[in-house]
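Remarks on the structure that follows.
The values are calculated or read from the model by the stated rules, or taken from the named source; none is laboratory data. Note that the structure is a prediction, hence the values are computed from the model and not measured. Virtual Cβ from ideal backbone geometry, glycine too; neighbours counted across all protein chains shown. These accessible areas exclude ligands, DNA and RNA; they are computed on the full protein's heavy atoms, side chains included. Shrake-Rupley method; radii C 1.70, N 1.55, O 1.52, S 1.80 Å.
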Amino acid sequence: MDKINYNWREKREKKAFLALADGTVMQGYSVGAPVDQVGEVVFNTGLSGYQEILSDPSYAGQFVTMTYPEIGSYGINAADMESRGLFLNGFIIHEYNEPSNWRSEESLAEFLKKHNVPCIAGLDTRALTTKLRREGTIKGFMHCSGQEITPEEGVKKAVAWCGLDNQDYASKVTCERAFDWDPDLSKTRSWGMPELLPAADLNVVAYDFGIKWNILRSMRICGMNVHVVPAHTTAEEVLKLKPDGVFFSNGPADPAALPYAAEAAKSLLGKVPVMGICLGHQILGIACGGRTYRLKFGHHPVKNLLAGSVEITSQNHNFAIDAATLPDTVEVTHINLNDGTVEGLRHKKEPMFCVQYPPEAAPGPHDPFYLFRQFRDLMKR
């Protein structure tokens, strides 16, 4: 039997630490890019799907903490990417594992170094998650460069960082130019997808505020051709494309920092069917007259008030729509079962609906996939 090599000496030589703005310091070792970085510390409770999480542009500006203790065992595979690259500021894990899987093309460590993303391992990630659940997201500084920086200096750097409030990160992660999603269907027919796809008889324009590829894949599976446009595209430019519907995507940071997006949404309402998710949901809420506020991280069970059903969802959002600020023309359709916050809206007079969570999993549950079919039905009507 082969002797397991835990590389204790190598880990000790790659000392790293996470310093939080409240003065907390957690020691670990570096397994990603040897760089220092600031970011907003959040967590994800997924048991798998770390590559999809890493490549989700919604995490731009954030350090993602994985609560599952063993990360890296199935490596990295190009087919599992959710965007063109990595946009998060850092990764936090408990125990790093080298890959042992037939689909693996490179290790997690190699992948992070290639994309210049720092990663600290060896932390008590569940203690950190408990702290974030109790106190909310917090600014942090990740020291992985090996340079001489004291924990006290790290805390000061975390405090000095501007954070994500009032920051437009959608402009940082959006596509540079418009494109048609997957014309040869190679990305839609990626590993595990059906070979036979329905004919695409509807044309959708999707705003890219940080859109995930599985959202685009899911719309194509539901018979939609999707033309993706940059975040700053005007409503006039979208209407010239004569779409059957317009989709407002997920994305990072503060929705109130995107007045251009809310203005486009306001101009599109009533002219074409509209669907929004995550950041797109918040943008549509603002366009209808609502306001947003800061929220503690972590939401999962959602009640569909129209159907009376409960959905388990995968979510990443720091802001929510204040129900008290919504006009009478907008109806709350979904609420969170933990705290009653708004999880879904629809317009009473115009063809528009939106939800706070992604319907397409990757990673996550598939309960809300029906929302794509609901969008299709709205366009068909």
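Please pull out the direction-averaged projected area of segment 198-320, using the convex hull of its alpha-carbon atoms, in nm² to one decimal place.
Its Cα hull, projected and averaged over all orientations, spans 8.1 nm².
Going 7 Å from the Cα of Arg177 toward and past its Cβ, which residues in segment 207-221 have a backbone nitrogen under 19 Å from where you end up?
Of the residues in segment 207-221, 207-209 have backbone N under 19 Å from the label point off Arg177.
Which residue, Gly210, Gly146, Gly285, tops the fluctuation ranking in a GNM of the chain built on C-alpha contacts under 10 Å?
Highest fluctuation among the options: Gly146.
If you roll a 1.4 Å probe over segment 199-289 with all protein chains in place, what percent of the accessible area is carbon or sulfur?
52
Give me the tail of P(r) for segment 248-381 as a percent: Cα-Cα pairs with distance above 25 Å.
17
Phe209 accessible area, nearest 10 Å², 1.4 Å probe?
Phe209 exposes around 0 Å² with every protein chain in place.
Given a 1.4 Å probe and every protein chain left where it sits, what share in percent of the accessible area of segment 306-376 is carbon and sulfur?
Carbon-and-sulfur percentage of accessible area, whole number: 51.
Show that you can apply the helix-only estimate: for the chain, add -39,500 (n - 2.57) for every DSSP H stretch of four or more residues, divide by all residues, and state [θ] at 222 nm to the nearest 500.
Here the helix-only value at 222 nm equals -6000 deg cm²/dmol.
Measuring from label point to label point, each 7 Å out along Cα→Cβ, what is the Leu337 to Glu98 span in nm?
A separation of 4.3 nm, rounded to one decimal place.
Keeping every protein chain in place, order Arg217, Arg346 by accessible area at 1.4 Å, biggest value first, i.e. largest first.
So, going from the largest accessible area down, we get Arg346, Arg217.
Which cross-chain or sequence-distant (5 or more) residues have an amide H under 5 Å from the amide H of Tyr357, H modelled 1.01 Å from N in plane?
Under 5 Å from the amide H of Tyr357 lie the amide H atoms of Cys278, each far enough along the sequence or on another chain.
Per residue, how large is the accessible surface of the chain? Use a 1.4 angstrom probe and give square angstrom.
Each residue of the chain exposes 44 Å² on average to a 1.4 Å probe.
Given the chain, what percent of its DSSP beta bridges are antiparallel, to the nearest 5?
So the antiparallel bridges amount to about 55 percent of the total.
Antiparallel as a % of all DSSP beta bridges within segment 234-381, to the nearest 5?
Counting DSSP beta bridges with both partners in segment 234-381, the antiparallel share is about 70 percent.
Mean-square fluctuation check for the chain, GNM, Cα pairs under 10 Å: which of Asp168, Asp244, Asp180 is largest?
Residue with maximal mean-square fluctuation among Asp168, Asp244, Asp180: Asp180.
Please work out the Kirkwood hydrodynamic radius for segment 95-183, using every pair of different C-alpha atoms, and report it in angstroms with one decimal place.
For segment 95-183, inverting the mean 1/r across all distinct Cα pairs yields 17.2 Å.
Computing the accessible area with a 1.4 Å probe over protein heavy atoms, can you report the carbon and sulfur percentage for segment 1-133?
Whole-percent figure for carbon plus sulfur exposure: 49.
Taking amide H positions as placed 1.01 Å from N in the peptide plane, with prolines and chain starts having none, which residues 5 or more places from Ala320, or on another chain, fall under 5 Å of its amide H?
So Ala320 has HN proximity to Tyr293, Leu295.
Go through Gln51, Gly154, Leu108 and say which Cα lies farthest out towards the positive end of the charge dipole of segment 41-193; charges sit on Cβ, +1 for Lys and Arg, -1 for Asp and Glu.
Working it through, the farthest residue towards the positive pole turns out to be Gly154.
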